[in-house]
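J.: Below is a structure I'd like to ask you about.
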Amino acid sequence: MIAALLGCYPVLLVSALWPAPVVFGVAAAASYAVEYAATRAARPLPELLAKVHLGITLRFAARETMALLLIARTAGADSPWFAAVAAGMLAIHAVRALHTGLALRLRQMLSRMPVTTRNLDVSALRIPKLPPGRLRDAGSVPFLYLDGLPVLGAVLGVVPAAVGAGLALAAGLAGALALIPYVRRAAPLTDRERVLEVVGEQIEKYRPEVILYFSGATAAAYQARMWLPTLERLSRRAIVVLRERGMARHLEGTRLPMVCIPSSADLMSFRALTDARLCLYVANVGRNVHMLRIPTLRSVFLNHGDSDKEASFNPFSRVYDEVWVAGPAGRDRYRRAKVGVRDENIHEVGRPQLEGISTEGPGLPFRTVLYAPTWEGWNDDLFHTSLVTMGPRIVRALLDHRPALRVIYKPHPLTGHRDKSATRAHRKIVAMIEAAELAKSKARHPSRADGAEPRIRHLVVTGPEPHLYDCFNQCDLLITDISSVVTDFLASEKPYAVTNVAGLPERAFHERYPSTEAGVLLGAALAELAGFLDGEDTLARARVKLRSYLLGPEYPDAMARFNAAVERVFSGG
């Protein structure tokens, strides 16, 4: 695409100097089309051109200059219309600069708000609606395309080019001036004290009792999202406190009030939260310390999953007043790790999120296998993912299996966050599944009455939907890595296999990762995969027993135990 884009410019130059207006018009139209496609392609393409000093503004200015050359060669540079076209093209860029300034000012005003909210009535702030996306784009790229009117008009002559320049200038000026009312209406939002006062009044009116605190990258939003339905069912009023702007839109679908306070000073002095008694944390991040400094809040670490990973017994956990785990296994992890978390501060509350997981398969005429690898971790010591070394081979074996299997592939949301080889393996798996789907769609199958296999549609899940637990309900078997997926899947009591990426002896592996004791262990050669897929299920009773160890008893149910833990805090227990 870069070659096509840059290749248009020599043609434009030659046809302008020749002059050959028709050739120039065809080349100009082609350059606009390729330009539009390039800006909508993956981000590295425009960024690469900018790095070699061929940014989008320069490319448009070069095309305009060649249009002026064409006019000079056909109508002459002495024509007053030539001067009008040149002035008009310069004015288009001036108008774009005006729009960019207004868009940046609007963005700056909105980003200066000390607090943003969701599901709270802050109508007193009179927050204006945002302008259409193209108008609020600080890059003002749509304004550049207005020069197509004079550039393509130059093909017809100097007068059409001048008229085109006038029309483009009028349209650009109208777009820029349309932003002024939005900027004026947003000005009061920079009044920090006023914004904090209005939001504080609404939170005080709501009287939150429990806080779910979250800070992190948008890719990690799932860590907080998994707890929202549980908090909605609490007998106490809950609120979500966020630290990163824009995070709330990644936690949609909840009726819980949300407040985002980016400044640590504003957070620690925000009195509207002082009536709350309990603060729940789902991840160990540095910005937790700002909330931990509020002495009236009892801090509880929930974590975002219960697994044998090191994150489930992180030494940082000792900074919290309490640590809540799903079952006895969570308590034992901290005991074995000896990281300073006192046993009396650990409480077993179950996993309320798992109540919708079925112990029945999807009931399809073919079996479904879910492959859900974890991500590569923050360093090589935590490298539990099978994606790089085993992933493509696992999926290839599943796709080639007879009788045919349905494959659901759901990678961890942070896949490729640290190691690009994980990204490459992920793309290879996606390509394999897409190729299998394409091959099946092209094949001509006789009707099922003639004994043909039913149509099997594989699934790649890279977004929040369908949810992981929905994938559990759609599958008969699971293949995964050391992660909370193992623990959660045990709620289904279905067969599972866990990859042994480190190549540990089987006994040592099960001792180190107790959640794998009721599953099949897959070595690097995948020799055990055939037996897992086709062999007899001899671990059903072991899975039931392990489920109780990892998730706690079935009665009382997890939601009742979680609620009881919350009430204990409020009763002073």
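The values are calculated or read from the model by the stated rules, or taken from the named source; none is laboratory data. Because the structure is a prediction, the values reported are computed rather than measured. Positions of Cβ are backbone-derived with ideal geometry, glycine not excepted, and every protein chain shown enters the neighbour counts.
Here's the yes/no breakdown for (1) among the β-branched types (Val, Ile, Thr); (2) closer than 24 Å to ILE429 by Cβ; (3) surrounded by 18 or more Cβ atoms within 10 Å (Cβ to Cβ):
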{"position": "LEU478", "(1), (2), (3)": "no, yes, yes"}
{"position": "ILE482", "(1), (2), (3)": "yes, yes, yes"}
{"position": "LYS494", "(1), (2), (3)": "no, yes, yes"}
{"position": "ALA518", "(1), (2), (3)": "no, no, yes"}
{"position": "ARG547", "(1), (2), (3)": "no, no, yes"}
{"position": "ARG561", "(1), (2), (3)": "no, no, yes"}
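J.: Another question, then. In segment 503-517, which residue that is touching a residue at least 24 places away in the same chain (Cβ under 8 Å) and not acidic (Asp, Glu) is farthest from ILE479 (Cα to Cα)? Lay out the reasoning, then the answer.
T.: First pass over segment 503-517, keeping only residues touching a residue at least 24 places away in the same chain (Cβ under 8 Å): 512-517.
Checking which are not acidic (Asp, Glu) leaves us with 512-516.
Working: ARG512: 19, TYR513: 16, PRO514: 16, SER515: 13, THR516: 11 Å.
Step by step, filter segment 503-517, then rank; the result is ARG512.
J.: Shifting gears a bit: Looking at ARG287, ARG335, ARG293 in this structure, which one is in the same structural domain as ALA221 (by TED's automatic domain parsing), over 25 Å from PHE532 (Cα atoms), surrounded by 15 or more Cβ atoms within 10 Å (Cβ to Cβ) and of a type in the set (Lys, Arg)? It would help to see each step written out before you state the result.
T.: Working: ARG335 fails: surrounded by 15 or more Cβ atoms within 10 Å (Cβ to Cβ); ARG293 fails: surrounded by 15 or more Cβ atoms within 10 Å (Cβ to Cβ).
Criteria check complete, one pass: ARG287.
J.: Is it the case that segment 118-135 has a residue that's out of contact with any Gly (no Cβ under 9 Å at 6 or more places or on another chain), surrounded by fewer than 19 Cβ atoms within 10 Å (Cβ to Cβ), over 30 Å from THR57 (Cα atoms) and β-branched (Val, Ile, Thr)?
T.: Yes: segment 118-135 contains one or more residues that are out of contact with any Gly (no Cβ under 9 Å at 6 or more places or on another chain), surrounded by fewer than 19 Cβ atoms within 10 Å (Cβ to Cβ), over 30 Å from THR57 (Cα atoms) and β-branched (Val, Ile, Thr).
J.: Now a separate question. Scan ALA525, ALA530 and give me the residue that is assigned to a helix (DSSP H, G or I) and not acidic (Asp, Glu). Outline the logic, then answer.
T.: Values: ALA525 fails: assigned to a helix (DSSP H, G or I).
When all the criteria are applied, what remains is ALA530.
J.: Filter segment 330-360 for residues that are assigned to a loop (DSSP other than H, G, I, E, B), under 15 Å from ASP470 (Cα atoms) and either within 29 Å of the chain's Cα centre (by Cα) or basic (Lys, Arg) (or both) and give the result.
T.: Taking segment 330-360 as the starting set, the residues that turn out to be assigned to a loop (DSSP other than H, G, I, E, B) are 338-342, 349-351, 357-360.
This time we only want the ones that are under 15 Å from ASP470 (Cα atoms), so: 357-360.
Within segment 330-360, ILE357, SER358 qualify.
J.: Kindly provide the set of residues from segment 1-51 that are surrounded by 14 or more Cβ atoms within 10 Å (Cβ to Cβ) and among the charged types (D, E, K, R), ordered by number.
T.: Hit for segment 1-51 is GLU35, nothing else.
J.: Considering segment 231-250 alone, what residues qualify as being in contact (Cβ under 8 Å) with a residue 60 or more places away in the chain and touching a strand residue (DSSP E or B) at 6+ places or on another chain (Cβ under 9 Å)? Before you say what the answer is, go through the steps one by one.
T.: Just the residues of segment 231-250 that are in contact (Cβ under 8 Å) with a residue 60 or more places away in the chain, to begin with: 233-236, 245, 248.
Selection gives LEU234, ARG236, ARG245, ALA248.
J.: Restricting attention to segment 268-285, which residues are without any contact (Cβ under 8 Å) to a residue 40 or more places away in the chain and out of contact with any His (no Cβ under 8 Å at 6 or more places or on another chain)? Walk me through it before giving the result.
T.: Restricting attention to segment 268-285, the residues satisfying the condition of being without any contact (Cβ under 8 Å) to a residue 40 or more places away in the chain are 268-269, 274, 284.
Scanning segment 268-285 gives SER269, THR274, ASN284.
J.: Any idea which residue in segment 52-74 is surrounded by the most Cβ atoms within 10 Å (Cβ to Cβ), counting only those that are of a type outside the set (A, V, I, L, M) and touching a residue at least 12 places away in the same chain (Cβ under 8 Å)?
T.: Filtering segment 52-74 down to residues of a type outside the set (A, V, I, L, M) leaves 53, 55, 57, 59-60, 63-65, 73-74.
So of that shortlist, the ones also touching a residue at least 12 places away in the same chain (Cβ under 8 Å) come out as 57, 59-60, 63-64, 73-74.
On the way: THR57: 14, ARG59: 19, PHE60: 25, ARG63: 22, GLU64: 23, ARG73: 16, THR74: 18.
Taking the candidates together, the pick is PHE60.
J.: Right, next: Return a yes/no flag: does segment 565-572 have any residue that is at pLDDT 95 or above, farther than 15 Å from GLU355 by Cβ and part of a loop (DSSP other than H, G, I, E, B).
T.: no
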